[in-house]
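Okay, structure first, notes after.
The values are calculated or read from the model by the stated rules, or taken from the named source; none is laboratory data. This one's a predicted model, so the numbers in the text were calculated from it and none came from an experiment. So basically every Cβ, Gly included, is an ideal-geometry build from the backbone, and we count neighbours across all protein chains shown. Please note that ligands, DNA and RNA were not included when accessible areas were found on the heavy atoms of the full protein model with its side chains. Shrake-Rupley method; radii C 1.70, N 1.55, O 1.52, S 1.80 Å.
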Amino acid sequence: MRDVAELAGVSVMTVSNVLNGKPKVNAETRARVLQAVEQSGYRMNINARRLRQGTSNTVAMIIPRFDHTYFGELAAKFSEKLSGSGLHLVVEQSNALAEHELEAISLFPLNSYAGVVLSSVGLTGAQIDKLDLGIPVVLLGEQDMPERFDHVMMGNTAGAELAVAHMLRTGARRVIMFGAADPTADNGMGGMRTRGWQRAYAAAGLDCDPGLAVHVPQYEPDVAYDTMRRVIESGMEFDGVFAITDSVGFGALAAVLDSGLRVPEDVQLVGFDNLEMSEIVRPSLSSIDPDRELMVEHIFRLLQERIAHGYNNMPPEHIVSTVNLVERASTR
């Protein structure tokens, strides 16, 4: 590093700042240092630095699937947030299976990472409560999590209520809860969003027909499409659809249009996640925005505080992100 500093005509600290991605160096100096690094063939020995400092500058993010649009967008935003912080991101896929989530975090006690963000789908809160990882952990996921861990989640019930209330205000009366779960037995995303659907009806002083609660076997567009076609073919009367996710909403929207119904004149639709694709489909899909930007802010802040002050030296935070309805062409 001293050789690089001499070659670039800067201090060793400046070289360190450039190599660690610190934002303190102007563009011209940064370019000169990187040119000196390339010219000299210098490569930072990450393992040696970890041994010397007893720390790692790598954060792991474990998500259910790389090809799921919501998690892809979330990981991209988190990576952008880490830029310039000195922390670097590794993303792992768990396939939403408990054994894969456990496998992915098996190296954490070996101090492989400075911290971890775990979007848990396969593991239950009780299983997670038995873990002792020894490093900062921020949990994501739409289920109850142990009090001793930081947890960031969406406003599931509030978002669902907001979506259904909008359709009821604009004339809908029979809104399908598309992707429903038993709200008395399911404390996860399905149960919470089904409770929001029920609350919207109660707040409007209207009866909520339990027959409008439709189970979707998998939250994938093709499965949602087939499920919605069967609903239409059954003769069920409906004039609104609240899709549990945007991905489910895309499938439902295609099925409704293919059946000859008009959107939003005959049927209104609202999804949940506000994915970028929601603006592109036609008609564009109204959706609940869970404010991923704010969620990423919370995740980043919690990790930084835990890394700086010790992972068990601060009281845990359980944060429910704000939600809002983004109105597009699929609603009146």
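Some notes on this structure:
- In loop segments of region 79-151 as defined by DSSP, the trypsin sites (Lys or Arg not before Pro) with at most 16 further C-beta atoms inside 10 Å of their C-beta are LYS130, ARG148.
- Protection-proxy order for peptides 233-246, 251-264, each taking the mean of Cβ atoms within 10 Å per residue, highest first: 233-246, 251-264
- Rh by Kirkwood over Cα pairs, then Stokes-Einstein D for the chain at 1.002 mPa s and 20 °C, µm²/s: 97 µm²/s
- Whichever aspartates and glutamates have a C-alpha closer than 17 Å to that of LYS77, once near sequence neighbours (fewer than 8 apart) are set aside: ASP67, GLU92, ASP273, GLU276, ASP289, ASP291, GLU293, GLU297
- Between LEU212, PHE178, LEU302, the Cα set farthest toward the positive side of the dipole of region 176-317 (charges on each charged residue's Cβ, about the Cα centre) is that of LEU302.
- For region 168-235: rounded, prolate or oblate by the Cα gyration tensor [a/c cutoff 1.5]: oblate
- Percent carbon-and-sulfur accessible area, region 166-302, ignoring ligands, DNA and RNA, probe 1.4 Å: 49 percent
- Part-to-part distance (alpha-carbon centres) for region 73-100 and region 316-332, which is given in Å: 22 Å
- Simple label model, 7 Å out from Cα along Cβ direction - ASP266 to GLU327, nm: 2.4 nm
- Ranked order, ARG332, ARG292, ARG2 - accessible area, probe 1.4 Å, largest first: ARG2, ARG332, ARG292
- Test item: Cα-centred dipole of region 125-175, Lys/Arg +1 and Asp/Glu -1 on Cβ, debye: 480 debye
- Packing here is the average count of other Cβ atoms within 10 Å per residue, and on that basis the peptides 18-26, 175-183, 137-145, 71-79, highest first, run 175-183, 137-145, 71-79, 18-26.
- Per residue accessible area of the chain, 1.4 Å probe, in Å²: 47 Å²
- Among the GluC sites (Glu not before Pro) in region 252-332, those located in a DSSP loop and surrounded by at most 12 other Cβ atoms within 10 Å of their own Cβ are GLU265.
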